[in-house]
């Protein structure tokens with residue numbers, strides 16, 4: 001069953017991307033003690049992800065932080081080298097942290113896998129956004145199709161404004 005609001009993120013190993021490749025982390029340690037705007041894309045360098053989804057979060061990163069988010073984080077079922085290269089290409093370094101879910105462990109553990117084999121992509125992650133507070137999901141917007149709506153930076157901002165109001 002798909003992870004739900006009020007549930008703790010599953011404990012999995014990911015790679016926090018950096019210029020030198022990255023360092024292994026666990027979800028438990030990474031998300032502990034902070035509020036994170038987490039969004040997932042089916043693939044780095046893909047059209048909707050590069051033209052709409054990541055740019056929306058990049059444009060709103062400061063607004064999200066001004067509304068109580070400690071860190072804006074992108075994840076995808078790509079390796080750390082690809083995620084690091086995408087961050088550089090999108091000018092996201094220093095604004096959005098990249099978590100490589102190279103084996104799809106997070107996507108699988110959250111029951112948010114996307115079967116992209118028909119598009120030549122293999123098993124990926126569904127497009128979603130979440131607000132995660134100290135490891136607990138407070139908001140989850142999973143896209144039913146290819147568009148960016150409930151997983152957009154604007155949807156996360158609306159949730160933050162609603163929680164503050």
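Bear in mind that the values in this text are calculations on the coordinates, not laboratory data. Only a predicted model underlies this, so the values are computations on that prediction, with no experimental measurement involved. Note that we place each Cβ from the backbone using ideal geometry, even for glycine, and neighbour counts take in every protein chain shown.
Assorted remarks:
- In plain terms, the residue of 127, 8 with the fewest other Cβ atoms within 10 Å comes first and the most crowded comes last, giving 8, 127.
- Across the chain, Cα pairs under 8 Å and at least six residues apart give a relative contact order of 30 percent.
- Using just its DSSP H runs of length 4 or more, each adding -39500 (n - 2.57), the chain gives a mean residue ellipticity at 222 nm of -7500 deg cm²/dmol after division by all residues.
- Relative exposure of 31, 119, 39, judged by other C-beta atoms within 10 Å (fewest first): 119, 31, 39
- Modelled this way, with points 7 Å down the Cα-to-C-beta line, the labels at residue 138 and residue 117 are 3.9 nm from one another.
- Modelled spin labels at residue 34 and residue 81, positioned 7 Å past Cα toward Cβ, are 2.7 nm from each other.
- Percentage, to the nearest whole number, of Cα pairs in the range 74-165 over 23 Å apart: 28 percent
- The distance from the alpha carbon centre of the range 26-49 to that of the range 67-136 is 4 Å, rounded to a whole number.
- Counting 0.36 nm for each residue step from residue 7 to residue 50 and taking away their Cα separation leaves a gain of 12.5 nm.
- Computing Rg and the Kirkwood Rh from the Cα coordinates of the chain gives a ratio, Rg/Rh, of 0.92.
- Here the residues 91, 53, 67, ranked from fewest to most Cβ neighbours within 10 Å of their Cβ, fall in the order 91, 67, 53.
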